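Undergrad: For reference, the structure I am asking about is given below.
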Amino acid sequence: MLRIGVLVSGGGTNLQAIIDKVKSGEVSNTEIAFVISNNENAYALTRAQNAGIAAECVSPKKYASRAQFEEALLDTIDAYQVDLIVLAGFLVIIPEAMIKKYKNRIINIHPSLIPSFCGTGAYGLHVHEKALARGVKVSGATVHFVDEGTDTGPIILQKAVEIKEGDTPEVLQRRIMEQAEWIILPRAIDLIANGKVEVVDGIAHIIGE
Ligand code: GAR
């Protein structure tokens, strides 16, 4: 059984997709051990509580320094002893110590086709604003392992989504969530839980698909 912890900051629709698909068995061999948010008002925490999952807030506001916050975050995660950490709309820069400790054991969902519209400052609605401003005709979502860079780790899954004339960032965000994010993030967890993802020389391969 793969024990996962999910880190969130906001609404938690990706978390909900994971909860629903673990429950239905579409994501197999997986147990959600905790949900942690940096934001105490995140609706994602309510979703976790409703599903009977341990939910905690580790807020930088409660600590005197960034270093203390990062230490508390890592200590809280370590205490749950998980196999995989899932960043599902977690808008905090991941501490380097955590990346080192959990190498190829942290995955992130990003709302574009990496390497487009990613990196520093590309999060949430900003990603879709950038895609629309560039006039691309497809965008999508990417699940990748987290390494020391921003959105630079090995890509596990991607799914393209059509951009339509007249799209606003909000409309595009919702379409990408529905048609890509809520599908590929649970799918990536299922693949990892069933031993089907291997990273060789910085490239993630899906085995036996
Ligand atoms: C999602 O669109 C996710 O891809 C994005 O934040 C949103 C969270 O929504 N993440 C990033 O932009 C990371 N760079 P949710 O809380 O409803 O899952």
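The values are calculated or read from the model by the stated rules, or taken from the named source; none is laboratory data. A quick note: this is a predicted structure, and the numbers were derived from the prediction, not measured. Because the Cβ atoms are built from the backbone with ideal geometry, glycine has one as well, and the counts that use them run over all protein chains shown.
Undergrad: Identify, from the list Glu71, Glu56, the residue that is acidic (Asp, Glu), farther than 24 Å from Gly202 by Cα and outside any strand (DSSP E or B).
TA: Every option except Glu71 fails the conditions.
Undergrad: Then there's this: If you check His126, His110, which single one turns out to be in contact with a strand residue (DSSP E or B) (Cβ under 9 Å, 6 or more places away or on another chain) and within 12 Å of the ligand (Cβ to nearest atom)?
TA: Sole residue among the options that is in contact with a strand residue (DSSP E or B) (Cβ under 9 Å, 6 or more places away or on another chain) and within 12 Å of the ligand (Cβ to nearest atom): His110.
Undergrad: Look through Ala17, Ala33, Ala44, Ala48 and report the one residue that is more than 14 Å from the ligand (Cβ to nearest atom) and either small (Gly, Ala, Ser) or assigned to a loop (DSSP other than H, G, I, E, B) (or both).
TA: That would be Ala33, the only listed residue that is more than 14 Å from the ligand (Cβ to nearest atom) and either small (Gly, Ala, Ser) or assigned to a loop (DSSP other than H, G, I, E, B) (or both).
Undergrad: Do you know which residues across segment 68-87 are buried (at least 16 other Cβ atoms within 10 Å of the Cβ) and either of a type in the set (A, V, I, L, M) or touching a residue at least 40 places away in the same chain (Cβ under 8 Å) (or both)?
TA: Correct list: Leu73, Leu74, Ile77, Val82, Asp83, Leu84, Ile85, Val86, Leu87.
Undergrad: Anything in segment 129-150 that is near the ligand (Cβ under 10 Å from one of its atoms) and not hydrophobic (A, V, I, L, M, F, W, C)? List them, or say none.
TA: The answer is Thr142, Thr150.
Undergrad: Within the group Asn14, Asn38, which residue is closer than 21 Å to Gly119 by Cα, surrounded by 21 or more Cβ atoms within 10 Å (Cβ to Cβ) and modelled with pLDDT of 95 or more?
TA: Going through Asn14, Asn38 in turn, just one is closer than 21 Å to Gly119 by Cα, surrounded by 21 or more Cβ atoms within 10 Å (Cβ to Cβ) and modelled with pLDDT of 95 or more: Asn14.
Undergrad: Continuing with this model, one more query. Quick test for you: out of Gln68, Gln81, pick the one residue that is on the phi > 0 side of the Ramachandran plot and more than 16 Å from the ligand (Cβ to nearest atom).
TA: Gln81
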